[in-house]
Amino acid sequence: MTFGIDDLPVRDELRGKSPYGAPQLDVPVRLNTNENPYPLPEALVERIAERVREAARDLNRYPDRDAVELRTQLARYLTNTSGHPLDVSNVWAANGSNEVIQQLLQTFGGPGRTAIGFEPSYSMHGLIARGTGTGWISGPRHEDFTIDVPAAEQAIAEHRPDVVFVTTPNNPTGNAVPAETVLALYEAAQAAKPSMVVVDEAYIEFSHGASLLPLLDGRPNLVVSRTMSKAFGAAGLRLGYLAAHPAVVDAVQLVRLPYHLSAVTQATALAALEHTDTLLKYVEQLKTERDRLVAELRAIGYEVTESDANFVQFGRFADSHATWRKILDRGVLVRDNGVPGWLRVTAGTPEENDAFLDAVREVKKEQNT
Ligand SMILES: Cc1ncc(COP(=O)(O)O)c(C=O)c1O
């Protein structure tokens with residue numbers, strides 16, 4: 001027997017658990033982690049090199065601990081795209097929105113406290129809750145994956161969670177959550193506790209509808225989290241951010257590590273923000289491809305959940321894992337999120353999507369015969 005995790009004095013709640021792990025397999029077409037398939041344009045690569053070269057001259061010093069220039073530019077981006085005025089005091093940034101979520105749970109969750117999410121949803125909400133010692137409550141959804149508002153209100157009233165997660169567009173299902181639903185859950189959460197409501201808008205740039213940022217007005221316990229991993233095509237950068245009342249920004253600074261955002265990260269993100277217009281043009285192409293995937297999957301005979309994201313949930317399968325394997329055997333990696341009967345495909349380049357559609361056409365034929 002080799003020495004393993006269970007032989008170490010790890011925390012009880014971590015025993016027997018698995019780390020987050022979307023497979024990183026070496027296959028021709030990888031459509032499993034909701035990345036943007038387009039590499040950064042060459043002009044931006046050059047600008048990143050310039051900005052990082054400048055930052056490198058000061059690497060003997062710690063970076064700007066408060067990332068003021070970056071937060072100012074992120075606030076400008078949010079204001080320009082939502083019409084809702086925000087400034088540096090409303091915005092906080094960290095290494096990916098996963099770290100933003102971790103900081104929020106360290107601040108508002110923790111031992112003796114709980115968080116709720118409406119599942120299936122982004123699995124890291126529950127995993128980060130576990131990592132921060134926050135109890136996790138799995139809230140309900142309807143059969144069609146929309147949030148069952150009366151049942152959700154009841155769960156909030158009963159469990160009185162400290163943090164409520166709402167993901168819109170939702171991952172892995174793709175559907176957007178209407179503003180009225182978020183408002184109803186916010187009211188329920190304030191009546192029960194009051195607690196923080198975190199709206200995870202990681203995919204909002206791909207949505208047919210608008211961001212919920214304007215709901216921040218007059219709601220100090222509401223937080224909107226965002227990322228540069230998807231629309232900005234910069235998953236490798238690790239830059240996530242939140243918008244909220246300035247008091248929330250002050251509160252998360254109680255738990256953030258000093259100098260958590262490296263000077264190289266800040267310089268790279270600032271360069272990417274200079275190229276926002278170009279990067280958002282790729283978003284338009286991806287939205288068109290996403291809509292094509294929805295239409296073609298339906299034409300092939302699959303059921304598809306309405307998608308406002310850069311991915312599409314399709315089914316139904318008697319054995320989704322067996323179907324996942326058949327698609328993989330044809331050189332295309334999609335995601336089995338463990339939602340019984342369903343799989344998820346990320347919108348790739350037109351060529352990648354064609355390869356995926358050819359693969360699922362074949363699989364469908366085989367399953368019909
Ligand atoms: C809903 C949702 N939120 C947050 C994230 C995390 O993004 P990142 O940490 O790359 O910013 C993801 C990544 O897939 C996601 O799907």
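The values are calculated or read from the model by the stated rules, or taken from the named source; none is laboratory data. All of these numbers come straight from a predicted model, not from anything done at the bench. Cβ sites come from the backbone with ideal geometry, for glycine too, and all protein chains shown count toward neighbours. The area values use the complete protein model at the heavy-atom level, side chains included, leaving out ligands, DNA and RNA. Shrake-Rupley method; radii C 1.70, N 1.55, O 1.52, S 1.80 Å.
Quick rundown of the values:
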| read-out | value |
| --- | --- |
| Subset of the stretch 168-209 [hydroxyl-bearing (Ser, Thr, Tyr) and either surrounded by fewer than 24 Cβ atoms within 10 Å (Cβ to Cβ) or away from the ligand (no atom under 15 Å from the Cβ) (or both)] | THR181, TYR186, SER195, SER207 |
| 2 or more residues closer than 22 Å to LEU215 by Cβ and among the hydrophobic types (A, V, I, L, M, F, W, C): qualifying helices (runs of 4 or more DSSP H) within the stretch 36-113 | 68-82, 96-108 |
| Looking only at the stretch 240-295, and only at residues there that are touching a residue at least 24 places away in the same chain (Cβ under 8 Å) and among the hydroxyl-bearing types (Ser, Thr, Tyr), the one that is most open to solvent (accessible area, probe 1.4 Å) | TYR259 |
| Matching option when the condition is under 21 Å from ARG226 (Cα atoms), open to solvent by 100 Å² or more (accessible area, probe 1.4 Å), touching a residue at least 40 places away in the same chain (Cβ under 8 Å) and not assigned by TED's automatic domain parsing to the domain that holds THR346, among TYR20, TYR77, TYR62 | TYR20 |
| Counted residues, the stretch 108-140 - those being open to solvent by 20 Å² or more (accessible area, probe 1.4 Å) and within 12 Å of the ligand (Cβ to nearest atom) | 6 |
| Residue in the stretch 20-36 that is modelled with pLDDT under 90, within 30 Å of THR132 (Cα to Cα) and away from the ligand (no atom under 16 Å from the Cβ) present | yes |
| Residues satisfying the stated conditions in the stretch 23-51, i.e. more than 22 Å from the chain's Cα centre (by Cα) and surrounded by fewer than 10 Cβ atoms within 10 Å (Cβ to Cβ) | ASP26, GLU42 |
| The stretch 300-324: number of residues that are small (Gly, Ala, Ser), open to solvent by 20 Å² or more (accessible area, probe 1.4 Å) and outside any helix (DSSP H, G or I) | 2 |
